[in-house]
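First up is the structure itself, then whatever we jot down about it.
The values are calculated or read from the model by the stated rules, or taken from the named source; none is laboratory data. Keep in mind that what you see is a predicted model, and the values were worked out from it rather than measured. Cβ sites come from the backbone with ideal geometry, for glycine too, and all protein chains shown count toward neighbours.
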Amino acid sequence: MSTERGAPRLLQRLSAGNAFPIFVVVFFILIIWYVAAFFMNLDLQRDAFANADQAYSTSDLVEGTMSQDRPRLPAPHQIAAEIDKTVFELSPSSKRSLVYHGAVTLEATLLGFAIGSALGMLLAVMIVHAASLERSLMPWIIASQTIPIIALAPMIVVIMNQFDVTGIVPKATISAYLSFFPV
């Protein structure tokens with residue numbers, strides 16, 4: 001007879017006390033989000049009712065602010081519906097599909113990872129076999145990693161654009177920069 005216990009069931013894990021605080025925080029974030037969406041979209045809805053010369057109640061205002069076509073701040077259910085539409089309903093080849101944009105991002109990321117890995121391995125082999133390269137290159141390589149990518153990325157894109165290098169190459173260059181040092 002085995003003394004090992006099976007994996008705890010979902011209900012047991014939830015009642016263990018670790019999930020309840022997370023649910024409470026998420027619940028309050030959603031409440032704050034809905035309230036903010038109501039107040040940020042309120043004047044747009046009042047203007048829409050005024051332009052239509054339509055009388056409205058508070059419930060009409062709430063319903064209207066939560067179902068606007070182009071709100072200032074969309075409600076969580078509107079974002080969930082849009083994600084559902086752009087992931088599952090649109091063709092993956094459509095430029096409005098999140099799947100399409102995910103594939104474009106993955107393409108640039110994988111190309112950059114391949115370039116960064118090759119560069120990282122080449123530098124590693126060169127540094128291991130030549131002590132002078134270690135002394136001369138390592139400080140520069142380490143210093144290059146102290147610059148935040150959020151500061152470098154726009155400069156890389158602008159500089160490459162000056163030389164008519166557009167498309168996937170600037171994105172792959174940023175990805176390569178991020179991946180070459182850990183390799």
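Is it the case, given these coordinates, that residue 117 is touching a Phe, Trp or Tyr at 6+ places or on another chain (Cβ under 8 Å), touching a residue at least 60 places away in the same chain (Cβ under 8 Å) and buried (at least 17 other Cβ atoms within 10 Å of the Cβ)? So residue 117 does not fit the description; no.
Taking segment 14-63 as the range and being of a type in the set (Gly, Ala, Ser) and either over 16 Å from residue 79 (Cα atoms) or touching a His at 6+ places or on another chain (Cβ under 7 Å) (or both) as the test, the residues that pass are 15, 16, 17, 19, 48, 50, 52, 55, 57, 59.
For segment 132-145, check the following and say yes or no: at least one residue is exposed (fewer than 11 other Cβ atoms within 10 Å of the Cβ), modelled with pLDDT under 95 and within 13 Å of residue 180 (Cβ to Cβ). Yes, segment 132-145 has at least one match.
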